[in-house]
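Here's the structure, in structure tokens; my notes come after.
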Amino acid sequence: MPRVNAVRKPADYLGALDNTAKNDVEALFARLCPGEAEPAFKGGQLGWGVMAAQSPRLAMLVADLTFYIAREMAWCQRRDLRELAIQSVNFHFRSGFSFQSHWAQAQAAGLTAEQIAAIPYWQTTTVFDDEQRLVIEYALAVASGDVPDALFGKVVARYGEKGTIEFTTVVAHWSFWAMIGNALRPGDGA
């Protein structure tokens with residue numbers, strides 16, 4: 001069972017609906033469910049719903065940051081690498097909800113089910129190329145809080161300083177989502 005009540009549709013918001021909150025709720029659903037006559041969060045979107053239940057403004061700000069990272073940062077233009085980093089973070093934090101939420105995106109980005117399943121065995125499997133191994137290794141190191149100088153140097157050599165900062169931001173941001181999913185369990189009972 002979820003640990004907090006989720007807002008699945010605008011009418012579910014339990015807070016005081018003054019004009020600011022009403023506008024924030026409407027803006028959030030318009031942003032995350034564009035063009036839907038009856039917007040509602042489903043499945044992997046429930047992370048937004050649990051956040052919106054308490055603070056629709058916070059959910060909107062996090063949505064803006066998430067969209068910026070995923071859609072505009074240069075490092076994220078290789079969707080397969082972005083999703084591999086995200087799924088590596090989800091593996092590290094044992095975040096089943098976040099892992100499942102990104103399953104379809106990972107496959108749409110070109111990762112195979114075999115590759116996604118092989119993340120725990122990244123050092124010994126043959127399903128990853130050298131760049132994918134580097135992405136997994138760095139994502140796991142950043143998530144653990146221990147990035148050796150030699151590994152950091154490899155990432156800078158591959159992606160430059162700007163790319164390394166962006167890559168690190170991806171890991172940090174989706175670590176944030178994994179921790180929220182683990183603590184609040186938005187997908188339980190959905």
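Values as computed for the structure displayed
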item	result
Flag for residue 30 being surrounded by 14 or more Cβ atoms within 10 Å (Cβ to Cβ), in contact with a Phe, Trp or Tyr (Cβ under 8 Å, 6 or more places away or on another chain) and either modelled with pLDDT of 75 or more or within 26 Å of residue 95 (Cα to Cα) (or both)	no
In the stretch 56-90, residue farthest from residue 110 (Cα to Cα) [restricted to those that are charged (D, E, K, R) and in a helix (DSSP H, G or I)]	57
Residue 175 vs. criteria outside the structural domain of residue 49 (by TED's automatic domain parsing), hydroxyl-bearing (Ser, Thr, Tyr), buried (at least 18 other Cβ atoms within 10 Å of the Cβ) and over 23 Å from residue 58 (Cβ atoms)	no
Residues satisfying the stated conditions in the stretch 11-55, i.e. part of a helix (DSSP H, G or I), over 21 Å from residue 180 (Cβ atoms) and of a type outside the set (A, V, I, L, M, F, W, C)	19, 20, 22, 23, 26
Conditions (1) under 19 Å from residue 177 (Cα atoms); (2) touching a helix residue (DSSP H, G or I) at 6+ places or on another chain (Cβ under 6 Å): number failed by residue 67	(2)
Single residue of 132, 123, 105, 100 found to be over 30 Å from residue 17 (Cα atoms), assigned to a loop (DSSP other than H, G, I, E, B) and assigned by TED's automatic domain parsing to the domain that holds residue 159	123
Qualifying residue in the stretch 93-114 (condition: farther than 16 Å from residue 163 by Cβ, over 13 Å from the mean Cα position of the chain (by Cα) and buried (at least 20 other Cβ atoms within 10 Å of the Cβ))	yes
Unmet requirement for residue 145, which otherwise passes all of (1) surrounded by fewer than 20 Cβ atoms within 10 Å (Cβ to Cβ); (2) closer than 14 Å to residue 89 by Cβ; (3) touching a residue at least 12 places away in the same chain (Cβ under 8 Å)	(3)
Residue match in the stretch 48-62 (condition: surrounded by 14 or more Cβ atoms within 10 Å (Cβ to Cβ) and under 24 Å from residue 156 (Cα atoms))	no
Cross-chain or 6+ apart pairs with Cβ under 7 Å, the stretch 7-22 first and closer than 14 Å to residue 55 by Cβ, then part of a helix (DSSP H, G or I) and at pLDDT 80 or above	13/25; 13/56; 15/21; 21/56
First in the stretch 164-189 and at pLDDT 95 or above, second anywhere and of a type outside the set (A, V, I, L, M, F, W, C), Cβ under 7 Å, 6 or more apart	167/138; 167/159; 170/82; 173/66
Residues located in the stretch 148-163, provided they are surrounded by fewer than 17 Cβ atoms within 10 Å (Cβ to Cβ) and without any contact (Cβ under 8 Å) to a residue 40 or more places away in the chain	148, 149, 150, 151, 152, 153, 154, 156, 157, 158, 160, 161
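The values are calculated or read from the model by the stated rules, or taken from the named source; none is laboratory data. Remember, it's a predicted structure, so these values are computed and weren't measured experimentally. All Cβ positions, glycine included, derive from the backbone under ideal geometry; neighbour counts span all protein chains shown.
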